Structure formats: C-alpha cells, structure tokens
Amino acid sequence: MTQVQPPDKTFIRARIHPRALDHMPLFFDATAPTVFAELIQNARRAGASHVDITTKSADSSIGNEALKVTVQDNGHGIADPSVLLSFGQSAWDKDLARRERAAGMGFACLARRGCSVSSRAQAPRSRYATGWRMKLEPDHFLGKTATTAASDKTAPSPFGTRVTFHTTESLNALRGAVVAASRYAPLRVSFNGAELARRNFLEAALHREEWNGVKLGVIKSRHPLYREPDLNFHGVTLNVRLPHLKSLDGEIWIVRADVVDCRELELVLPARKEAVENAFLLELRHEAQLAIYRALAAVDPTPRLAYEDCVRAANAGIDLPAPPVALRRWRPRTADVHEWRGDRELVPLGPDSIIVEYNADPPDTQTLYRTARRAKLAPNLFEADRRLAGYAWYDELPRLTDVNTHIEIDGVAYTERELRRQFRAARYGDGAFDPRNRAARIVTTVSVARPDGTQDTNRYMADIALLDKEFDLLSEPPPVITAGSDITADELAQLLRRAYFCPSDDSEADSYESQSNQFDDAALHVALKHDASAEEAIRTAIAQVVRREIQQLIPRDRHADITISGDRIDITLGS
C-alpha cells in the first residue's frame, strides 16, 4: 500500500468568510446616537456643509408610536449605490481614507433597522444622472437577498444623500441623540427645522497648542476626565485617558484633544468609540502632560505643585517654581469622616515649625491636640504633605513621629496599656484598683525627629487620656482625668464626640440625626459623672432632653411650667 506524503509547504491567505455577513448587525449597537453619529460623519466626509434631520409620524401599519426619520445632507452624493452593501469598501478619496482610516463600515449601523436611500452625485461619472433610490431591508445587509437601485428624480438637488428609516424611539430621545452627535461636528445640523447649537471642544481652554495634527487645550476643571470624553475626532467624542494634574490646593487641570489632521491616531473600528493603544497614543499622553506644565508656567501665581511634577517639568525644560514655604495647621482626626474639616488656609512657617507625621486614631490625636493647645505647642504643628517631599525647605523640617502617655494614679505610674488592664480587672472584681480615682498627673512624651538624624524628646503635662481605642464610647475603660483639670462637662462631651462618634450607614440603623442625638446624650452622661454632682448631672440630662424634644413645641411668645411628680405631669402655659 502506497503512503501519501503531505506537501512540504501549504500556502494560506487571509480571507473573509461569507458567514461574517451574518454577524454584521453585531458590529454596531444600532441605537439612535450611533446611527446619527455615523450618518453625520458620512455627510462630513462627503463635503456637506449642512445636515437636515426631520421626523414625522409613520404609516399606521408600522405602529402607532413609530416615527419616520429622514437624514439629508448636501454633500457630493454617492455615484455607485453598490458601495453601501460592500462592507469595507468606500468611495472616499484616497487622501481622506488615509487621514481618517475610513473603513467603509459605518453604514452598517442601519443593518438591524433597514432604510431607504436616495442620492444624486455631484460628479458626472454616475450612470444615474437624475439620482437613484434604493430600499434596504436587514436581509439585504446580510447578503441573503438582492435589492435594486432605480433612477430617482426626487433625489436631493443639486446633489446630496437622503436616508430614511423608521423607529419607535420617542421624539425627545431622537432629539437628544442628534444633539449629542452634532455638538462638536464641523458642519451645521438641523432638527425639525431648527438649527442646533454647536460648541468648540476646546472652548474652556486657558492654554492651547498644536502637536502632530492635534490641538491640545488645557482646562481648569472641578474633576478629572475619568469617564468623560477628552478627544474629539471630527465630532465623534471618546475617552483616551489623557492625563490630569491636581495641584496641592485641590485644583484640577485636564487636557482635551481636538483632532485636525492626524494619521497616526488609530481608533477601534467600526464605531470609533475607543482608541488603539499604540506608541502614538502614549506619546500623545506625554505631550498632553507637558502641555499642562506649560499652561501652569504661564499662570500667575503658579499653583502649588507636587515635587515630582516640578521635576518632570524641569526634565522637559519647563521651569515651574517651588511652592511657598507654607503649610496648613495640623488638626486632629475625628471619628466621623463628615467632620474632617481642616483649616484650608496656608500659614507661613516659622523657625519652630514641626510637621506631624504621627498616624494614630482619633482618641489619641484628639487628646494630643488638647495637650498641645494647653502647652502653646499647637500653633507650631503643621499637616504633613508627602507630595512636597523633595523640596529642600520641606525636607529640612523636623517631624513629630511618636507620642507616649504615662498616667500616675495613687502613686503608681502606668502606661495606657497597663491602665486599660487595671480598669478591666476592676470591672470584673479582680484587683483593688478603684476606677473612680482621678489621676495625679498625665505626662505626654512627644518624639521629634530632625533632618540630621537626631531625635528630641519633649514632655508635656496633659489633663485627660482616652484609654478606649475601639471607637466605642459606652465600653470600659472610661476617660481618665487629672484631679486639677479645668475641663467642663460640655468640653468633655464634645471631645468624646470628636474621638468616638462614627455613625452607622447600615440600612437598619437610625438616621444620622437620631444616632447623633443618642451619642450626645451618652457622651454628656459620661462627662457629667466626671465633672458634676449627681444632682447637677440629673438636671443637665433633663434640660438636654427638653431642649431637643420639647422646646420646639412651645410658641416663641409663650412660656411653659412643667411639673413632674411620679407618673403625674402638669403643664402650665403662660403668656
């Protein structure tokens, strides 16, 4: 039996399988915004100066809610109707096809809907001297059946193209789609007789420059363009993730790109809703970053910038000044993130300024801040900003890096951790420690690291320590206060709120206001136990409830006397 030997070489060439036509409707989302965007782009490439879009009620046989949409342009028209059904072929001139990588696929956005087309070509090469018309059903786009083109004396005159299709989308939805598709298009667009307003994609730019056929505009914005369009391709807008810069003061500077004539930019076909990640796009982002630096160099005064931004700019030959020698004063953290409001004013630094790099929870930072104010140290403490690291003046500042607290009660000195254990032991009856005893003194030791590698240790007298680090005011141990402290019950209650109040956002939790009121009641109750007699604590607690729950019910021009005796409540309203 003779064995057949396989050939040494097999030649294979790329081809398009006929079944690819079956998937044509999947190349586009076929929504009204996509259809109008493609038709307006085709009109622009055909040299049109105006696109007129009209709607009217469709024949009742199609549906009571259906609308007939007509899109007509005054471009140079289509000489050969067959190109509309030749997927990947177009009649655009070679230069335009190279500049924009026109692929001849956009008309397929109507594959799901079907449409009627009528066109009259400007060039005399068309065999349809009076224009032609053609009706296309979905099967025609799929190549399952053939259609015919016939002469049409009613074709746009003197030349142009008219496309008609039916839709069940609302009139408002259609108008919104046309507005979106035409907002930045370089030609006039009308909708039901009214010309739509057009906008310049770079209209808000404070600085403009052109690079490789792309106009770059730098804009001061409230937020980065994470999802919003930052590139305009002749009216089609998309997001190519151009860079943005946030100054130290929170200002955001973004870049928008408006394509003029750029052959290197590649967009994903056929819908052009995203860019191809290629070397040119990376270079575009780099140039956009430099455009921001050049824009900021011209701003007076120059926004405060991170050190790494100044370095990048300097490497590109762009001189950006170092920010002034000023920082924001340090403020302690609060448990409630809604109350994290620091002083935004920049303060010039003095010779005794210290950066706080002490990262601790609110109970620790709140008590440190109180101690620093009592010791007149607070004005010298400033917020750390690591974005400034690298500037000589910032690197030369001393850093507050660590804090330790020792508490003396009944002649014994405890660390905070040791004292927590004593409190918990006393709570469960283990040990002779009396948690009601006030501290003889509280010493806060602050460690300050200096640029030369040395470290200073400074001690300050404090009057309160919060031993509970778990953000739970009602748990043990309670606050520890020195015998000579001048803190009032209201001040202590506010300190406890800043240190511990963190509202729950659980779906079953009470409202923020209810949680806040309940916490304030509990905080005042704890504070009164430390700073008031039992009778005063009761009076204060009652007054707090009356002020919040009852006072609003009494008319402003009246007064009320309330007497409570056992279960009996007597109320007298006076004039």
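The values are calculated or read from the model by the stated rules, or taken from the named source; none is laboratory data. The shown structure was predicted, so the numbers you read here are calculated from the model rather than taken from an experiment. Because the Cβ atoms are built from the backbone with ideal geometry, glycine has one as well, and the counts that use them run over all protein chains shown. What goes into the accessible areas is simple: the full protein's heavy atoms, side chains included, and nothing from ligands, DNA or RNA. Shrake-Rupley method; radii C 1.70, N 1.55, O 1.52, S 1.80 Å.
Kindly check whether there is at least one residue in segment 245-260 that is open to solvent by less than 70 Å² (accessible area, probe 1.4 Å) and more than 22 Å from Ala204 (Cβ to Cβ).
There is at least one residue in segment 245-260 that is open to solvent by less than 70 Å² (accessible area, probe 1.4 Å) and more than 22 Å from Ala204 (Cβ to Cβ).
Within segment 460-477, how many residues are open to solvent by 30 Å² or more (accessible area, probe 1.4 Å) and modelled with pLDDT under 90?
Of all residues in segment 460-477, those open to solvent by 30 Å² or more (accessible area, probe 1.4 Å) come to 460-461, 469-472, 474-476.
Next cut, modelled with pLDDT under 90 only: 469-472, 474-476.
Number of matching residues: 7.
Taking Asp336, is it within 27 Å of the chain's Cα centre (by Cα) and surrounded by 13 or more Cβ atoms within 10 Å (Cβ to Cβ)? I'd like the intermediate steps shown before the answer.
Details: within 27 Å of the chain's Cα centre (by Cα): yes; surrounded by 13 or more Cβ atoms within 10 Å (Cβ to Cβ): yes.
Spelling it out, Asp336 is indeed within 27 Å of the chain's Cα centre (by Cα) and surrounded by 13 or more Cβ atoms within 10 Å (Cβ to Cβ).
Considering every residue within segment 197-209, establish whether at least one is under 16 Å from Leu67 (Cα atoms), among the hydrophobic types (A, V, I, L, M, F, W, C) and either part of a loop (DSSP other than H, G, I, E, B) or in contact with a strand residue (DSSP E or B) (Cβ under 7 Å, 6 or more places away or on another chain) (or both). Talk me through it step by step, then tell me what you get.
Filtering segment 197-209 down to residues under 16 Å from Leu67 (Cα atoms) leaves none.
Taking every residue of segment 197-209 in turn, none turns out to be under 16 Å from Leu67 (Cα atoms), among the hydrophobic types (A, V, I, L, M, F, W, C) and either part of a loop (DSSP other than H, G, I, E, B) or in contact with a strand residue (DSSP E or B) (Cβ under 7 Å, 6 or more places away or on another chain) (or both).
For segment 124-153, give me the residue count where each residue is within 46 Å of the chain's Cα centre (by Cα) and open to solvent by less than 40 Å² (accessible area, probe 1.4 Å).
Residues meeting the conditions: 4.
Any idea which residue in segment 524-571 is nearest to Pro479 (Cα to Cα), counting only those that are among the basic types (Lys, Arg) and modelled with pLDDT under 80? Lay out the reasoning, then the answer.
Filtering segment 524-571 for residues among the basic types (Lys, Arg) gives 529, 539, 547-548, 556, 558, 568.
Filter once more, so that each one left must be modelled with pLDDT under 80: 529, 539, 547-548, 556.
Details: Lys529: 10, Arg539: 22, Arg547: 26, Arg548: 26, Arg556: 39 Å.
Among residues in segment 524-571 that are among the basic types (Lys, Arg) and modelled with pLDDT under 80, the one nearest to Pro479 (Cα to Cα) is Lys529.
For segment 173-230, give me each residue that is of a type in the set (Ser, Thr, Tyr) and open to solvent by 20 Å² or more (accessible area, probe 1.4 Å). Step through it out loud before you land on a result.
We begin by selecting, within segment 173-230, every residue of a type in the set (Ser, Thr, Tyr); these are 182, 184, 190, 221, 226.
Tyr184, Ser221, Tyr226 - these are the residues of segment 173-230 that are of a type in the set (Ser, Thr, Tyr) and open to solvent by 20 Å² or more (accessible area, probe 1.4 Å).
Which of the residues that make up segment 293-325 are under 30 Å from Tyr369 (Cα atoms), open to solvent by 10 Å² or more (accessible area, probe 1.4 Å) and touching a Pro at 6+ places or on another chain (Cβ under 8 Å)?
Arg304, Pro324, Val325
Residues of segment 210-237 being of a type in the set (A, V, I, L, M, F, W, C) and part of a strand (DSSP E or B), which ones? Lay out the reasoning, then the answer.
As a first pass, look at segment 210-237 and keep what is of a type in the set (A, V, I, L, M, F, W, C): 211, 214, 216, 218-219, 225, 231, 233, 236.
Result: Trp211, Val214, Leu216, Val218, Ile219, Leu231, Phe233, Val236.
Residues in segment 263-273: is at least one open to solvent by 10 Å² or more (accessible area, probe 1.4 Å), part of a strand (DSSP E or B) and closer than 27 Å to Leu397 by Cβ?
no
Given segment 348-459, what helices (runs of 4 or more DSSP H) lie entirely inside it while holding 3 or more residues that are open to solvent by 70 Å² or more (accessible area, probe 1.4 Å)?
Numbers: elements: 362-374, 392-395, 416-427.
Of the helices (runs of 4 or more DSSP H) lying wholly inside segment 348-459, those with at least 3 residues that are open to solvent by 70 Å² or more (accessible area, probe 1.4 Å) span 416-427.
Pairs only if they're at least six apart or on different chains, beta carbon under 6 angstrom, first in segment 296-319 and modelled with pLDDT of 95 or more, second of a type in the set (Phe, Trp, Tyr); list them, first residue then second.
Close Cβ pairs (under 6 Å, with a partner that is of a type in the set (Phe, Trp, Tyr)) amount to Tyr307/Tyr391; Ala313/Tyr293; Ile318/Tyr293.
Just to be sure I understand the filter: pairs with C-beta atoms under 7 Å, separated by 6 or more residues or on different chains, first member in segment 374-393 and within 13 Å of Leu349 (Cβ to Cβ), second member among the hydroxyl-bearing types (Ser, Thr, Tyr). Which pairs pass?
Pairs that qualify, where the first residue is within 13 Å of Leu349 (Cβ to Cβ) and the partner is among the hydroxyl-bearing types (Ser, Thr, Tyr), are Asn380/Ser353; Phe382/Ser353; Leu388/Tyr307; Leu388/Tyr394; Tyr391/Tyr307.
Check segment 96-115 and report whether any residue there is open to solvent by 60 Å² or more (accessible area, probe 1.4 Å), among the hydrophobic types (A, V, I, L, M, F, W, C), modelled with pLDDT under 90 and within 24 Å of Thr145 (Cβ to Cβ).
Within segment 96-115, none of the residues are open to solvent by 60 Å² or more (accessible area, probe 1.4 Å), among the hydrophobic types (A, V, I, L, M, F, W, C), modelled with pLDDT under 90 and within 24 Å of Thr145 (Cβ to Cβ).
Of the conditions (1) within 22 Å of Ala271 (Cα to Cα); (2) of a type in the set (A, V, I, L, M); (3) not in a loop (DSSP other than H, G, I, E, B), Val240 clears all except one; give me its number.
Condition (3) is where Val240 drops out.
Determine which member of the set Glu283, Glu308, Glu277 is of a type in the set (D, E, K, R), in a helix (DSSP H, G or I) and under 27 Å from Tyr184 (Cα atoms). I'd like the intermediate steps shown before the answer.
Details: Glu308 fails: under 27 Å from Tyr184 (Cα atoms); Glu277 fails: in a helix (DSSP H, G or I).
Going through Glu283, Glu308, Glu277 in turn, the sole match is Glu283.
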